[in-house]
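The values are calculated or read from the model by the stated rules, or taken from the named source; none is laboratory data. What you see is a predicted model; the values in this text were computed from it and never measured. Cβ coordinates were reconstructed from backbone atoms using ideal geometry, including for glycine residues, and neighbour counts include every protein chain displayed. These accessible areas exclude ligands, DNA and RNA; they are computed on the full protein's heavy atoms, side chains included. Shrake-Rupley method; radii C 1.70, N 1.55, O 1.52, S 1.80 Å.
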Amino acid sequence: TLAHVKAVQDWDWTGAEREFQLAIGLAPGYATAHHWFAMSCLVPLGRFDEALQEMLLAQSLDPVSSIVARDLAVVHLYRRDLEAALEQCDHTIELNPHFSPAYWTLGLIQEQRKDLDESTAAIHRAISLAPNSPRMQAALARALALAGKRDQSLAIIRKLEELSKQRYVSPFDFACIRFVLNQHDLGFKWLNRA
């Protein structure tokens, strides 16, 4: 946990890696240590091959974990291995067909594969499972914008802006949508806020 905090709160990558290595040395069979080391330290540093090895180890230690299975798909996505990402995402959905983050990730993978119909279908499924998730709504707005459905995308942005007055909505999600809509000034505004 200390390593995770050093990574995601402090951005102390050297300290985080040191603490993760210590934790793994103390409990090498603890899947969460390998999982968090990959996702909160190695991935942000762009060390995707090492992250993949940690995620494979985490999955071997906890083969029924939905989040580990999903994050293994995410690492494949970051490595630009879209077929492996798709296969792993399908495996995650087989493990737990009610796990909305798996469908969200499937939508991102399909977006990168340029299959926007499949992307929006997967994200709609994610939303049906987690209707109150701003991240899922933002992903749909992005996919719709990429599919040329600007008005639908803008309608979702308006809903997210209203929602952000009541609860946290990631500025990064707004930035991603604005960049896809070629609204670069707004994209950078939201990115700076993030």
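Note on the stretch 1-21: among residues that are in a loop (DSSP other than H, G, I, E, B) and charged (D, E, K, R), the one that is most open to solvent (accessible area, probe 1.4 Å) is 10.
Restricting attention to the stretch 75-105, the residues that are within 19 Å of residue 133 (Cα to Cα) and touching a residue at least 24 places away in the same chain (Cβ under 8 Å) total 9.
Tell me, yes or no, whether the stretch 66-79 has at least one residue that is over 22 Å from residue 110 (Cα atoms) and of a type in the set (Lys, Arg). So far as the stretch 66-79 goes, no, none of its residues is over 22 Å from residue 110 (Cα atoms) and of a type in the set (Lys, Arg).
Tell me, please, whether a residue that is within 20 Å of residue 108 (Cα to Cα) and surrounded by fewer than 15 Cβ atoms within 10 Å (Cβ to Cβ) can be found in the stretch 174-185. Yes, the stretch 174-185 contains a residue that is within 20 Å of residue 108 (Cα to Cα) and surrounded by fewer than 15 Cβ atoms within 10 Å (Cβ to Cβ). With the structure loaded, tell me whether residue 131 is surrounded by fewer than 17 Cβ atoms within 10 Å (Cβ to Cβ) and modelled with pLDDT under 95 or whether it fails that test. Taking the combined requirement at face value, the residue satisfies it.
Only one of the numbered conditions (1) in contact with a His (Cβ under 9 Å, 6 or more places away or on another chain); (2) open to solvent by 20 Å² or more (accessible area, probe 1.4 Å) is not met by residue 50, and that is (1).
Could you check the stretch 26-47 and list, in sequence order, the residues that are open to solvent by less than 60 Å² (accessible area, probe 1.4 Å) and either farther than 20 Å from residue 59 by Cα or among the small types (Gly, Ala, Ser) (or both)? Within the stretch 26-47, 27, 29, 31, 33, 38, 40, 46 meet the criteria.
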